[in-house]
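**Student:** Let me begin by handing over the structure; questions about it come next.
The values are calculated or read from the model by the stated rules, or taken from the named source; none is laboratory data. Computed from a predicted model, the values in this text were never measured in an experiment. Cβ sites come from the backbone with ideal geometry, for glycine too, and all protein chains shown count toward neighbours.
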Amino acid sequence: MNTILAEILEARVLPGAPTRAHVSPVKLDTTALPGGSLVMLLFVNDEPEPRYVLRIPRTPDHPERLIRNYRSLEAVAREPGVGNSVPHPIYCGDLGGTVSSVETCVPGYPLAVAMRIARDEGHLDHLAKLFRIAADWIWSLHDQCDRFTAHQAECILQHAQRAVSILMSTGIVSPPQAEWLLDAARAADVSSMPVARIHGDFNPNNALLDGDGSLYVIDWEFSGPGWPLYDLFTLARTSWFHPAANVDPSPSRAQALWDRRTPLGRAFGDALGRYEHRYNLSRADVRALFGVFVAGLVADEVEQMRGRNPTPGEPWQALLRTALQADS
Ligand SMILES: Nc1ncnc2c1ncn2[C@@H]1O[C@H](COP(=O)(O)OP(=O)(O)OP(=O)(O)O)[C@@H](O)[C@H]1O
Ligand SMILES: [Mg+2]
């Protein structure tokens, strides 16, 4: 690590060419998946606050995700409206044989922490308020970056086809349900619905909330062209019906998202309304797309369990049933 730091200082990649710097790891690195990156706070000139974040790939021969994070930041940081609430890219390259990147350090604490406290203490109005802050933010990204020419349906259809083939092999979706999912994905082929840049992993661990209520969004390694509702559904999943710490999802919470009598149901419904209006979708269309999203989650779970269990656990199957009943 010190070698990379020395190379960075020597190559003068940091603004103002500081003479001294040190790094500190962000977290204990025991649970992270291969393919990700090691993240370190970078302090310069003995300053008490970190100024930058340094990343190196966890697996030296696979720097793709780190590079994608950097390229996405280059694009998003230029966008008015959202550019000031993402880290700014400083450097990405190969120094002495190690690919590394440097971005600015943004302030705040993970939104996931505030959301978890609100959930655990039953403060659902507060949880809904935090959800709205994140949903507003991701809407401004989609609203701003909604100019790819390819059709969104392709991404949704691929998502559905993959889920269907995995779920059919386990027998937990019937042929009519599989057809319903594929129809839902095909129906999203609204020509007025271009692909937007999506974050791709929009969970509240990747959003930092500052003391004044401003949100900063980090971790752009999965960002690219995609279907915007994927980000909103990911937020709903990770902040409400399947937070990171929970082994299983909660089907009843997923169902409650569609109930405007609850604070989160209203926050989710209001967020959906903007997409429906913009892309000319009905609530039924959006619920069908939620079915496609959930089928993808259950398919991921099946893939992760391969060889250990032939079918996913009951909460996953119940979640899928909830999502597939959307048209009834
Ligand atoms: N630009 C940044 N500014 C401030 N803090 C950051 C920044 N980038 C990352 N962090 C901190 O580092 C932590 C981990 O970063 P990040 O979300 O990018 O990786 P990760 O999701 O843990 O990594 P992996 O995907 O490899 O598991 C974040 O939760 C945040 O606390
Ligand atoms: Mg992250």
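**Student:** Please state which one of V82, V86, V44 is under 17 Å from the mean Cα position of the chain (by Cα), outside the structural domain of L208 (by TED's automatic domain parsing) and away from ligand 2 (no atom under 16 Å from the Cβ).
**Tutor:** None of the others qualify; the one that does is V82.
**Student:** If only one of V76, V82, V106, V102 is modelled with pLDDT of 95 or more, farther than 15 Å from Y216 by Cα and in contact with a Phe, Trp or Tyr (Cβ under 8 Å, 6 or more places away or on another chain), which one is it?
**Tutor:** That would be V102, the only listed residue that is modelled with pLDDT of 95 or more, farther than 15 Å from Y216 by Cα and in contact with a Phe, Trp or Tyr (Cβ under 8 Å, 6 or more places away or on another chain).
**Student:** Also: Of all residues in region 192-220, count the ones that are at pLDDT below 95 and touching a helix residue (DSSP H, G or I) at 6+ places or on another chain (Cβ under 8 Å).
**Tutor:** Residues in region 192-220 being at pLDDT below 95 and touching a helix residue (DSSP H, G or I) at 6+ places or on another chain (Cβ under 8 Å): 8 in total.
**Student:** Next up: Scan region 160-169 and tell me whether some residue there is over 16 Å from the mean Cα position of the chain (by Cα), outside any loop (DSSP other than H, G, I, E, B), of a type in the set (V, I, T) and assigned by TED's automatic domain parsing to the domain that holds R283.
**Tutor:** Checked against the condition, which is being over 16 Å from the mean Cα position of the chain (by Cα), outside any loop (DSSP other than H, G, I, E, B), of a type in the set (V, I, T) and assigned by TED's automatic domain parsing to the domain that holds R283, region 160-169 yields at least one hit.
**Student:** Can you tell me which residue within region 16-33, out of those that are modelled with pLDDT of 90 or more and either near ligand 1 (Cβ under 9 Å from one of its atoms) or of a type in the set (S, T, N, Q) (or both), is surrounded by the fewest Cβ atoms within 10 Å (Cβ to Cβ)?
**Tutor:** Among residues in region 16-33 that are modelled with pLDDT of 90 or more and either near ligand 1 (Cβ under 9 Å from one of its atoms) or of a type in the set (S, T, N, Q) (or both), the one surrounded by the fewest Cβ atoms within 10 Å (Cβ to Cβ) is T19.
**Student:** R306 versus (1) under 18 Å from I156 (Cβ atoms); (2) free of Cβ contacts under 8 Å to residues at least 24 places away in the same chain: which is the lone unmet condition?
**Tutor:** (1)
**Student:** Count, please, the residues in region 206-259 that happen to be within 16 Å of ligand 1 (Cβ to nearest atom), over 14 Å from R119 (Cβ atoms) and among the polar types (S, T, N, Q).
**Tutor:** Qualifying residue count, region 206-259: 4.
**Student:** Further question on the same structure: When you go through D183, D189 one by one, which is the residue that is away from ligand 1 (no atom under 16 Å from the Cβ), at pLDDT below 95 and assigned to a helix (DSSP H, G or I)? Give the derivation first.
**Tutor:** Working: D189 fails: assigned to a helix (DSSP H, G or I).
When all the criteria are applied, what remains is D183.
**Student:** OK, next. Can you list the helices (runs of 4 or more DSSP H) found entirely within region 251-328 that contain at least 3 residues being at pLDDT below 95?
**Tutor:** 263-279, 283-305, 314-324
**Student:** If you go through region 50-81 one residue at a time, how many are farther than 14 Å from L38 by Cα, touching a residue at least 40 places away in the same chain (Cβ under 8 Å) and either surrounded by fewer than 21 Cβ atoms within 10 Å (Cβ to Cβ) or of a type in the set (G, A, S) (or both)?
**Tutor:** 8
**Student:** Tally up the residues in region 114-135 that are within 18 Å of the chain's Cα centre (by Cα) and without any contact (Cβ under 8 Å) to a residue 24 or more places away in the chain, please.
**Tutor:** The qualifying residues number 0.
**Student:** Scan region 89-112 and tell me whether some residue there is closer than 23 Å to S24 by Cβ, assigned to a loop (DSSP other than H, G, I, E, B) and without any contact (Cβ under 8 Å) to a residue 40 or more places away in the chain.
**Tutor:** Looking only at region 89-112, we keep the residues that are closer than 23 Å to S24 by Cβ, and these are 89-93, 95-96, 98-112.
The next check asks that each one be assigned to a loop (DSSP other than H, G, I, E, B); those that pass are 96, 105-108.
From what is left, the residues that are without any contact (Cβ under 8 Å) to a residue 40 or more places away in the chain are none.
So far as region 89-112 goes, no, none of its residues is closer than 23 Å to S24 by Cβ, assigned to a loop (DSSP other than H, G, I, E, B) and without any contact (Cβ under 8 Å) to a residue 40 or more places away in the chain.
**Student:** Out of the residues in region 211-233 that are under 11 Å from the mean Cα position of the chain (by Cα) and acidic (D, E), state the one that is nearest to ligand 2 (Cβ to nearest atom).
**Tutor:** Checked region 211-233; the qualifying residue nearest to ligand 2 (Cβ to nearest atom) is D219.
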